[in-house]
Every structure is written in C-alpha cells, then in structure tokens.
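Below: the structure, in structure tokens.
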Amino acid sequence: MSVADPRPRVWVSQPLFGDVIARLREHFDVRTVDTITQHSPQDIAQALGDVDGALVTLNDRIGAAEIAGASRLRVIANVGVGYNNLDLPALTQAGILASNTPDVLTQTTADFGWALMMAAARRISEAERWLRDGHWQQWNFETLLGGDVHGSTLGILGMGRIGQAIARRAAGFDMRVRYHNRSRLPVEVEQACAAHYVDFDTLLAQSDHLMLVLPYTPANHHLIDAAALARMPAHATLTNIARGGVVDEDALADALANGRLAAAGLDVFEGEPAINPRLLALRNAVLTPHIASGSLATRRAMVALAVDNLTAALGFGPAAGKPPSLLNPGARAASG
Ligand code: DGY
C-alpha cells in the first residue's frame, strides 16, 4: 500500500528544466507533465483543484473560472516577466499570491530586441532566404539595400527595465533615443539612458526605428493601429518584443505591403503560435517564435526564480514568506 505524500502539492504546467524543477521536490509533492501541452481551461481548473501552488508559463491562462474550485491554492508562480496570462485582480481577490520573473531576463531580451531591429533594418532574413534560394548569381552594388541603424533615432515605447537596457545600448550606435512611457522617468535615469521623453505622437513621428517593450493591458490593445502606423515615417522599422496584441497585425501587414513602413521585426503575435498569414507572406517582416528571453542561461534563471517564488510563497526555503518578485502583496490581506 502506498502512503500519500503529506507535503504541500505543486503543479508544474509545462516541461521546464528538470534539474531546476527538482529543487521543488525537497519540499513539495510535485506533479509534472511530460510534453508541452496546450491545457484547456477545464484541464487547468482540474489541475489547480487539489494543489497548493502552481508554476505556469504564458501558455496557461488563469482567471476566475480556472481558480473557482481551487480551495487550497495559495500561489501561482509565472515563468515570465509579462503576466497578461493571469487575471491578477481575480487572483488577488481570491487571496492567491502571484509572482513573475523580472530582472533575470532584462539584458538577454534587450540584446534580442536589437538583433530583431537590425535584422529588419538591414534585411538579414530576406537576404539569407534570397541567397539560399539561389538568386545570388553575381555581386550587385544595389542588392538588398537597407536602412541605417547607426546615427538614427531609436524610439522606445515602454521604458521599464528592458526598455532602459535597450536605450543604453544605443550609445554605441551614436543614436538619438526618444521614449514614451506611462510616466516620465526620473531625470537621473533619463540621463543614464541618454533618453528624451516625448508624447506618443511625437515618438511615432520621430522614430526611425520604433521598439515596443510595454506591458500588454486591455488599454493598449491594438495601440499600434492604422492611424498610428500612418504617423510613422515610411523609412521606419517597427520591432515588437512586448505582446502581439499591442499591434493591429492587419494594419501592419497593409503598411508593410504598400510601402508605408520599411520593415518589421516581430517576436510576438496576437494569436501565437498561429501567425497571421499576411505577415508570413511579407518579405519585409522578420518573424521569430517568442524567443526574446531565450538564451539557455536566462531561461534557466527564469525557471529558478519562479521556483524560488513558489517555494517562498508556500513558506519554505531561505526567503520563506517573502517571494522575491511578488506581484500582488494585497492577496495576503484578501486571504486574511
Ligand atoms: C516574458 O518573460 O514575458 C516573455 O515574453 C516570455 O518568456
């Protein structure tokens, strides 16, 4: 007869570095899945129904319906800095703590934003496809001419930690940096980033390369729509490493197809992993599968931080009771 594990129960929703997840087994009865799974809302509700904590990714949407029957659930640890997959007010009201994984991915994500912007501006994906397809018969002075990055104006929409890291890199490229953010940054931070605050319309009009790094909320759904794109210079590029829903993809496809915008670099998509077929058909769109934070070291660090958050939230480990990156301290009050 097997004896049930009396320790708190934890659900890990996706396969994530097994050796890092193994740390949870020191304190908890851990349930894992073997393959990447698109869990249905019903499956998530069932999995959450008899656990004390869960470690989830952006694939897993958790709202009021999914936690309705989760009477023992005390924490959701999200592996990701963005947490638009979580209904934070619903979790807070239910007294369930939520955490994310900031900081550990800042530099890696900033690197990737630059890579995507440069690939879009200098037509790198298009050039590689053209070469592999056997079109390079003879060197030609005017083949695949792109736009310059150095000496141009970088626009950053969303000036949190990642936006600031992107801005700091611009010094090496001799660029002017303009930014727009919900609130203006302290002067010392602006100076450290050599970045100038402008309003949204000015940012659109002045950016040669516009980078989207803002958190996704219902308020900025399709913020970059046809009207916003029409305010950008035709030689500009748009790079999105935030969330797909910030951009109206049909409007973007129109702008890229009719020369209203030079190029786009997109790591995130509204219906990902499904991609708008119009974007797939455009040679001036560089498309990557949501990998901006995807260096091996950073993805491991993200999982490790989520493990720390979950462990601490359930009262174990060196930070017991003090999860390092808690999103909703108010949940404690709600749970009494
Ligand atoms: C994040 O951290 O929000 C990334 O988009 C996913 O890893």
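Summary table below
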{"quantity": "Among (1) farther than 30 Å from Ile124 by Cα; (2) at pLDDT 95 or above - the single one Gly330 does not satisfy", "calculated": "(2)"}
{"quantity": "Filtered residues of region 68-91 (kept if open to solvent by 20 Å² or more (accessible area, probe 1.4 Å) and either part of a helix (DSSP H, G or I) or of a type in the set (Ser, Thr, Tyr) (or both))", "calculated": "Ser71, Tyr83, Leu88, Pro89"}
{"quantity": "Test: residue in region 285-294 that is surrounded by fewer than 18 Cβ atoms within 10 Å (Cβ to Cβ), within 16 Å of the ligand (Cβ to nearest atom), among the β-branched types (Val, Ile, Thr) and closer than 19 Å to Asn78 by Cβ", "calculated": "yes"}
{"quantity": "Inter-residue pairs, beta-carbon under 9 Å, first of a type outside the set (A, V, I, L, M) and in region 191-220, second at pLDDT below 95 and in a helix (DSSP H, G or I), 6+ apart", "calculated": "none"}
{"quantity": "Residue match in region 130-139 (condition: closer than 22 Å to Met211 by Cβ, modelled with pLDDT of 95 or more and not basic (Lys, Arg))", "calculated": "no"}
{"quantity": "Whichever residue in region 46-57 is free of Cβ contacts under 8 Å to residues at least 60 places away in the same chain and under 24 Å from Glu270 (Cα atoms) and, among such residues, is most open to solvent (accessible area, probe 1.4 Å)", "calculated": "Thr57"}
{"quantity": "Any pair with Cβ under 7 angstrom, 6 or more apart, that starts in region 1-20 at a residue that is in a loop (DSSP other than H, G, I, E, B) and ends at one that is aromatic (Phe, Trp, Tyr) and buried (at least 17 other Cβ atoms within 10 Å of the Cβ)", "calculated": "Arg7/Phe28; Pro8/Phe28"}
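The values are calculated or read from the model by the stated rules, or taken from the named source; none is laboratory data. Just so you know, these numbers come straight off a predicted model, no measurement behind them. Glycine gets a Cβ as well: all are built from the backbone with ideal geometry, and neighbour counts include every protein chain shown. Surface areas here come from the heavy atoms of the whole protein model, side chains and all, with no ligands, DNA or RNA. Shrake-Rupley method; radii C 1.70, N 1.55, O 1.52, S 1.80 Å.
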